[in-house]
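As C-alpha cells, the structure follows; a few thoughts come after it.
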Amino acid sequence: MSAVETKVQEAKPLLSKKDRALLVDPLSDNNPITIQVLGICSALAVTTQLKPTMVMAISVMAVVVLSNFVVSLIRNLIPSRIRIIVQLTIISILVILVDQLLQAYVYDVSKQLSVFVGLIITNCIVMGRLEAFAMANKPGPSILDAIGNSAGYAWIILAVAFARELFGSGKLFGFQVIPDAFYEMGYVNNGLMLIPAGALFVIAIIIWIQRSINQKFEEA
Amino acid sequence: MRSSNNYVLTFAVIITVVAAVLLAGAATLLKPMQDANRKKEKQENILSVVGKTGENDYKQFDQLITSLVIDENGDVVEGVKAFDIDLAMDKRIKSKDANHKLQYPLYVFEENGKKTYILQLAGVGLWGPIWGYLALDEDGNTIKQAVFDHKGETPGLGAEINTDAFESQFQNKLILNENNEFVSVQVTKGAKAEGEMHQVDAISGGTITSNGVSNMLKEDIQFYLTYLNKSQS
C-alpha cells in the first residue's frame, strides 16, 4: 500500500531534490567509510584483489538495499522493544542467503572471502542505515538511501582494491598490467599493499584527498 | 497494543518461523550445487599433486585416478567410497574413543606404467583444521609433490603453507631413512642443510601451523605404511 503511494508521488519529477541528496550524499560528503568511518574492517580485509572486492561490494549492496526495503515495509509493525533484534534477524537472513548463493555459484570467490561474507551481518553500515533511516521512512526513499550508502561503500573499497592489486601484485582483475619490462628495469611489487596495513594507508590517502578538496571537514 | 507482551511474542515467533523456512529452503535447494563445487575442488586438489592442473581435468577424475580405502592392517576395504570419508572428523572421534577404527582414502594415479600414491592428510593448525595431499612415488619413499590448505590460518604467516614456495620444498624428500625406517618429514626452523632429505624449512611466525603440518605428516603417512610395504613386496 505505502509502496504504491510513494511511487505515485515520485512519478512527477524523476527524482526530487531530497531523493537526489539521499542518493548522492553518501558518495562523498557523507561517505560511510571515509566520513562516518564505518565498515573499515571489511575494507581492510577483502581488498587485496579487485574480483573478490567486487563480489563483496555487490553482496553488501544487495544486503543493504533488501534489508532497508524489508524493514521499511514492516517498520510500523515492528515492536520497538525488540526492533534491534528484528533488524539483526532480517540482516542475518539476507547475509546467509547471499553466502549460500556465493557458495553455489562462485565457489572460488566465496572461499577467498571466507568469513567476511558472514561478517557483513556485523558491518555497521547495514544496521546503521536501518536504525537511522529505514525505521522512519517509506520504502521508496529507504531504497534510495540504501543504494547511495552501499555505493559509497562500494566505490571506496573498489578504489582501495584497485590500488592494492596494481601496486601489490602488478595486476588488475587478475590480469598482468605492469609490463615485464618494468620488472626488468628493477621495479618491485610493493609487499605492504598485500597486507591489511596497506589498505589503511590507501584509505588514509583517499580521506586526505577528500578533505583537502572539501574544506568543510577540516577540524579546527 | 503494539507494546503488549503478546504482540511482541507473536511478532518474534512469526519472524523466527519465516527466517527458518527461508533459510532451510535455500539450504536445501542450493546443496546439490555446493556439494558439486566441493567435490570438484577436492578432485582438483588431488589431481594437482600429480601435475594434472588443466581446467577440465577433473571431469576425467574417475579415469585418471583409482580411489581405494585402506584400513590399519593395510588391506583394501570394499564397499566404502573414498570420497565419503571425512578424515578430520574420524580422527577427532579417534582422539576421544581409542577403539574407533580409522580408514584412510588412497588415490592411485598411473602413468606410463608407473604408479603414484596420493595420500590424504588431515590435521590442526593454529586456528583450525589444515589438510593436504601428498604424492608418493611408486617406491613408497620419495615425495613427488605436496599440497596443503587450511580453514583460517593467519594470512602471511600460517596461511603460507598453501603457497608454492612452501609446498615445493617437499619435492624429492624421503619419508624413510637408510635403514628403511619411517622418519617422516619434519617442518623445522633453519632446515637448510644440503642433502637433508627429511626436513623442510618452517614458516617464520607460523610455528604452530608448521608444527601442525609436521604432526599431520607423521601421523597420516604412518597409517599408509603397512599398505605401501605390502604392495612393494
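The values are calculated or read from the model by the stated rules, or taken from the named source; none is laboratory data. Computed from a predicted structure; not experimentally measured. As a convention, Cβ positions derive from the backbone with ideal geometry for all residues, glycine included, and neighbour counts pool all protein chains shown. Only protein heavy atoms, including side chains, enter the accessible area calculation; ligands, DNA and RNA are left aside. Shrake-Rupley method; radii C 1.70, N 1.55, O 1.52, S 1.80 Å.
Quick notes on this one:
- Residue within region A:27-47 that is at pLDDT 70 or above, under 21 Å from residue A:208 (Cα atoms), touching a Leu at 6+ places or on another chain (Cβ under 7 Å) and open to solvent by less than 30 Å² (accessible area, probe 1.4 Å) present: yes
- Complete set of residues in region B:1-42 that are basic (Lys, Arg) and loosely packed, with under 11 Cβ neighbours inside 10 Å: none
- Any hit, region B:50-64, residues being under 28 Å from the mean Cα position of the chain (by Cα) and within 10 Å of chain A (Cβ to nearest Cβ): no
- Those strands (runs of 3 or more DSSP E) lying entirely in region B:102-208 with at least 1 residues within 25 Å of residue B:60 (Cβ to Cβ) and over 20 Å from the mean Cα position of the chain (by Cα): B:104-111, B:114-124
- Residues in region B:49-66 that are assigned to a helix (DSSP H, G or I), open to solvent by 30 Å² or more (accessible area, probe 1.4 Å) and out of contact with any Lys or Arg (no Cβ under 6 Å at 6 or more places or on another chain): 6 in all.
- Beta carbons closer than 7 Å, at least 6 apart along the sequence or on distinct chains, pair a first residue in region B:66-93 that is closer than 17 Å to residue B:109 by Cα with a second that is open to solvent by less than 50 Å² (accessible area, probe 1.4 Å) and in a loop (DSSP other than H, G, I, E, B) for B:69/B:77; B:69/B:85; B:70/B:77.
- Residue tally, condition surrounded by fewer than 16 Cβ atoms within 10 Å (Cβ to Cβ) and aromatic (Phe, Trp, Tyr), over region A:103-147: 1
- Residue in region A:154-164 that is surrounded by fewer than 16 Cβ atoms within 10 Å (Cβ to Cβ) and among the charged types (D, E, K, R) present: no
- The condition (being more than 17 Å from the chain's Cα centre (by Cα) and closer than 22 Å to residue A:41 by Cα) is satisfied by just one residue among A:113, A:97, A:77: A:97.
- Within region B:21-47, residues that are more than 10 Å from chain A (Cβ to nearest Cβ) and of a type in the set (A, V, I, L, M) reach partners that are open to solvent by less than 80 Å² (accessible area, probe 1.4 Å) and part of a helix (DSSP H, G or I) with beta carbons closer than 8 Å, at six or more positions or on different chains, in the pairs B:46/B:61; B:47/B:57; B:47/B:58; B:47/B:61; B:47/B:64.
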